[in-house]
Ligand code: SAH
Ligand code: MG
């Protein structure tokens, strides 16, 4: 993100240092956390639509979930993580910031979690295994409130989705799935999607009225 603009977004001085530490941890340990510009965009959206309930698929170390609830004090996030190490790290970080009331981490595979144990959400943030995006969407879209939005991160995957040459087999296969997902969103008759060139690409999907 543009460093000039960045300075204005660092208002939350108390936790600013903590979030910087999480960023450093993520970088060292190759945890793919959200890009700053997409984060700021989502923090704005959460406040604009006055979101109260959010579902996140893919917690990792809790960086995004903690950033969301720090930007909106009456927001509650249910977030699903299947990797035990990540789950533990996230649990630790939520405690460090004392956000247990706002962030509920569900340990499990998002494709296996029982939908009926969840709520209805103003925002659903899809950010787990990229090859499964369509499955996550189909499974969780029914939990979206009428005026809610579904956000999907990494829809350009470092630019690889539009330029698929010179990629390893595994990456190409994943990138093809993201591409299919982007087209899939575009074919849905009941939803409109806005594809935003922010961070690693962010899709904003809403129900047609
Ligand atoms: N949202 C985080 C980053 C998430 S990275 C942030 O921006 O800070 C993606 C995470 O999704 C990884 O930790 C991975 O373990 C988890 N994940 C992948 N597939 C999953 C699944 N099917 N169910 C639950 N978690 C999953
Ligand atoms: Mg992401």
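For region 66-85, the set of residues classified as near ligand 1 (Cβ under 9 Å from one of its atoms), more than 13 Å from residue 33 (Cα to Cα) and surrounded by fewer than 23 Cβ atoms within 10 Å (Cβ to Cβ) consists of 82, 83, 85, listed by residue number.
Every residue, every condition in (1) surrounded by 18 or more Cβ atoms within 10 Å (Cβ to Cβ); (2) in contact (Cβ under 8 Å) with a residue 24 or more places away in the chain; (3) out of contact with any strand residue (DSSP E or B) (no Cβ under 8 Å at 6 or more places or on another chain), yes or no:
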| position | (1), (2), (3) |
| --- | --- |
| 64 | yes, yes, no |
| 87 | yes, yes, no |
| 107 | no, yes, no |
| 113 | yes, yes, no |
| 116 | no, no, yes |
| 121 | yes, yes, no |
| 133 | yes, yes, no |
| 136 | yes, yes, no |
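Within 10 Å of ligand 1 (Cβ to nearest atom) and modelled with pLDDT of 95 or more: does that describe residue 109? Yes: the conditions hold for residue 109. In this structure, does residue 97 turn out to be within 15 Å of ligand 2 (Cβ to nearest atom), at pLDDT 95 or above and over 30 Å from residue 142 (Cα atoms)? The answer is no for residue 97. Within region 21-40, the set of residues being near ligand 1 (Cβ under 10 Å from one of its atoms) and under 22 Å from residue 155 (Cα atoms) comprises 23, 26, 31, 32, 33, 34, 35, 38, 39. Here residue 49 clears all of (1) buried (at least 16 other Cβ atoms within 10 Å of the Cβ); (2) away from ligand 1 (no atom under 11 Å from the Cβ) except the condition numbered (1). Just one residue in the set 38, 70 is within 16 Å of ligand 2 (Cβ to nearest atom) and either in a helix (DSSP H, G or I) or touching a strand residue (DSSP E or B) at 6+ places or on another chain (Cβ under 7 Å) (or both); that residue is 38. In region 18-27, the condition of being in contact with a strand residue (DSSP E or B) (Cβ under 8 Å, 6 or more places away or on another chain) and either modelled with pLDDT under 95 or within 27 Å of residue 120 (Cα to Cα) (or both) is met by no residue. Could you grab me the full set of residues in region 140-176 that are at pLDDT 95 or above, surrounded by fewer than 20 Cβ atoms within 10 Å (Cβ to Cβ) and touching a helix residue (DSSP H, G or I) at 6+ places or on another chain (Cβ under 9 Å)? Scanning region 140-176 gives 142, 143.
Every listed requirement among (1) assigned to a loop (DSSP other than H, G, I, E, B); (2) within 15 Å of the chain's Cα centre (by Cα); (3) over 21 Å from residue 206 (Cα atoms) is met by residue 109 save one, (2). Entry remark, region 93-106: residues being in a loop (DSSP other than H, G, I, E, B) and over 17 Å from the mean Cα position of the chain (by Cα) number 5 in total.
Among the residues making up region 41-64, those that are within 12 Å of ligand 2 (Cβ to nearest atom), under 23 Å from residue 139 (Cβ atoms) and assigned to a helix (DSSP H, G or I) are 42, 64.
For (1) within 16 Å of ligand 1 (Cβ to nearest atom); (2) in a strand (DSSP E or B); (3) without any contact (Cβ under 8 Å) to a residue 40 or more places away in the chain, each residue gets a yes or a no:
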| position | (1), (2), (3) |
| --- | --- |
| 124 | yes, yes, no |
| 150 | yes, yes, no |
| 167 | no, no, yes |
| 174 | yes, no, no |
| 180 | no, no, no |
| 192 | no, yes, yes |
| 205 | no, yes, no |
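The values are calculated or read from the model by the stated rules, or taken from the named source; none is laboratory data. Only a predicted model underlies this, so the values are computations on that prediction, with no experimental measurement involved. Note that we place each Cβ from the backbone using ideal geometry, even for glycine, and neighbour counts take in every protein chain shown.
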